[in-house]
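Enquirer: The structure's right below; bear with me while I get my questions together.
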Amino acid sequence: MTRPFGQRYAFVAVGVVFLCLMAAAGLRSAPGVLIQPLEQAFGWDRGVISLGAAVGIFLYGLTGPFAAALMNSFGVRRTLTLALLLMSGSVALSLLMTQAWQFVATWGVMAGLGSGAVAMVLGATVVNRWFVSHRGLMLGVVSASAASGSLVFLPAMASLAQSGGWQPVAIVIALATGALAPVAWLLLPERPSDIGQTRYGAGPGDSPPQPLPARQALTGAFTALGRAAKTQTFWLLFGSFFVCGLTTNGLVGVHMISLCVDYGLPEVRAAGLLALMGIFDLIGTTASGWLTDRYDPRKLLFVYYALRGLSLIALPFLQFDLFSLTLFAVFYGLDWIATVPPTVKLANEAFGDQDGPIVFGWIAAGHQLGAASAAFGAGTWRAAQGRYLEAFVIAGVAALTAAAASLLVRRMTTAPAC
């Protein structure tokens, strides 16, 4: 079936993925604005609510490598459509919950599995399939959508939660993710060859990665991990991305609003700061993709992690006035998930176009493991000690360690055959 725009239809495919990633990220960030409404509605402890958020974040990452392998065999379009329907159904089902375990089951387990297939591995897979040139830039765009979606929608969700409780937030998310399922099915062809095209920027001899047999979807994920785990590059990227998740989605994404409330800032205004981060993340991560096409990705990672670490250590000591928090939001937003394009490039260089997205799925699992650790750990610390200070300082030190580790990655100029 032919489509308009010729080879440029690759940009339509990325546009569809952009919207889906924003919706999934919005779902994953929602617990950050639901903490206080759920406490008020059900009387649940903050540590219990943080556990639900942590389970969702962890499964969001753990699903990644299996989703990447499933996309290679079962298909991107089918996997994405089913994942969107699972996300919508799980959030809609949560409207019936009355006990804390049901929150963990719906927002944690079910939504985590669904959103895990609509995550950074989806962006990496689609970009690899549809682009030869400008990969770094496109990875920056789709990566920015994943992070920006988790931040840009927060003021609207916070306003809904403040005026109507947690249920209106769940209804809007269920409707939005459900509405995207037919969009993905209709507008995202499986491969450029399905519409008579080649990858954007491809030459005459282009040989795109071939799909795996369906029976290899599960074994393919573990086989790729087995090959990658024997290399130092994998563990350095996994460890640094663990810190990336710990310092973004898990700590700032889940607890920044509560931190600001502790300092007397209204919830909606605090959510606005996160939305400002999301806007500048879109700029910063897209720029990071452009830079990744031109400069050593290891040096870029060093700069990103070092600046992030210093800003987190400084945050608890700010005055928490409008000027200082706005400055932090702009600075941190530019650096929020700028680490993705250089990390994906290093993974593709080391493990090839076939294994690269799957291996990146395992690396992204480290990202969400770090995020889950921070979401649960910071919430538990706040419940026990009544403050977040140590959680932010520890995260900052971890980011400085990741900066140093990034320079140890051995770079390969030619990807090995898979």
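Enquirer: Residue by residue through the range 323-373, note down the ones that are surrounded by fewer than 24 Cβ atoms within 10 Å (Cβ to Cβ), among the aromatic types (Phe, Trp, Tyr) and under 20 Å from Trp290 (Cα atoms).
Expert: Phe331
Enquirer: Do we find a residue being basic (Lys, Arg), within 20 Å of the chain's Cα centre (by Cα) and open to solvent by 10 Å² or more (accessible area, probe 1.4 Å) anywhere in the range 282-294?
Expert: No; the residues of the range 282-294 include none that is basic (Lys, Arg), within 20 Å of the chain's Cα centre (by Cα) and open to solvent by 10 Å² or more (accessible area, probe 1.4 Å).
Enquirer: Now a separate question. What residue, of Arg387, Arg382, is touching a Phe, Trp or Tyr at 6+ places or on another chain (Cβ under 9 Å), part of a loop (DSSP other than H, G, I, E, B) and in contact (Cβ under 8 Å) with a residue 24 or more places away in the chain?
Expert: Of Arg387, Arg382, the one residue that is touching a Phe, Trp or Tyr at 6+ places or on another chain (Cβ under 9 Å), part of a loop (DSSP other than H, G, I, E, B) and in contact (Cβ under 8 Å) with a residue 24 or more places away in the chain is Arg387.
Enquirer: Assuming Ala229 fulfils every condition listed in (1) surrounded by fewer than 20 Cβ atoms within 10 Å (Cβ to Cβ); (2) closer than 21 Å to Ile337 by Cβ apart from one, which condition is it?
Expert: Against the list (1) surrounded by fewer than 20 Cβ atoms within 10 Å (Cβ to Cβ); (2) closer than 21 Å to Ile337 by Cβ, Ala229 comes up short only on (2).
Enquirer: Given the range 8-101, what helices (runs of 4 or more DSSP H) lie entirely inside it while holding 1 or more residues that are surrounded by fewer than 18 Cβ atoms within 10 Å (Cβ to Cβ) and in contact with a Pro (Cβ under 8 Å, 6 or more places away or on another chain)? Before the answer, list the steps.
Expert: On the way: elements: 9-29, 31-42, 46-73, 76-93.
Counting at least 1 such residues, we get 46-73.
Enquirer: Please determine whether any residue of the range 19-39 is among the charged types (D, E, K, R) and closer than 24 Å to Thr380 by Cβ. Give the derivation first.
Expert: Filtering the range 19-39 for residues among the charged types (D, E, K, R) gives 28, 39.
Of the ones still in play, those that are also closer than 24 Å to Thr380 by Cβ are 28, 39.
Checked the range 19-39: at least one residue is among the charged types (D, E, K, R) and closer than 24 Å to Thr380 by Cβ.
Enquirer: Just name the residue that is farthest from Arg46 (Cα to Cα) out of those in the range 232-253 that are of a type in the set (A, V, I, L, M) and open to solvent by 10 Å² or more (accessible area, probe 1.4 Å).
Expert: Here the answer is Leu236.
Enquirer: Scanning for something open to solvent by 20 Å² or more (accessible area, probe 1.4 Å) and under 21 Å from Pro341 (Cβ atoms), does the range 155-168 turn up at least one residue?
Expert: No, because not a single residue in the range 155-168 is open to solvent by 20 Å² or more (accessible area, probe 1.4 Å) and under 21 Å from Pro341 (Cβ atoms).
Enquirer: Name the single residue that is most open to solvent (accessible area, probe 1.4 Å) among those in the range 254-281 being modelled with pLDDT of 80 or more and of a type in the set (Gly, Ala, Ser).
Expert: It comes out as Gly264.
Enquirer: Can you tell me which of Thr231, Thr219, Thr248 is out of contact with any helix residue (DSSP H, G or I) (no Cβ under 6 Å at 6 or more places or on another chain), among the hydroxyl-bearing types (Ser, Thr, Tyr) and at pLDDT below 85?
Expert: Answer to the check: Thr219.
The values are calculated or read from the model by the stated rules, or taken from the named source; none is laboratory data. The structure displayed is predicted, hence computed values, not measured ones. Glycine also receives a Cβ, built like all others from the backbone with ideal geometry; neighbour counts cover every protein chain displayed. Accessible surface is based on the protein model in full, side chains and every heavy atom, while ligands, DNA and RNA are left aside. Shrake-Rupley method; radii C 1.70, N 1.55, O 1.52, S 1.80 Å.
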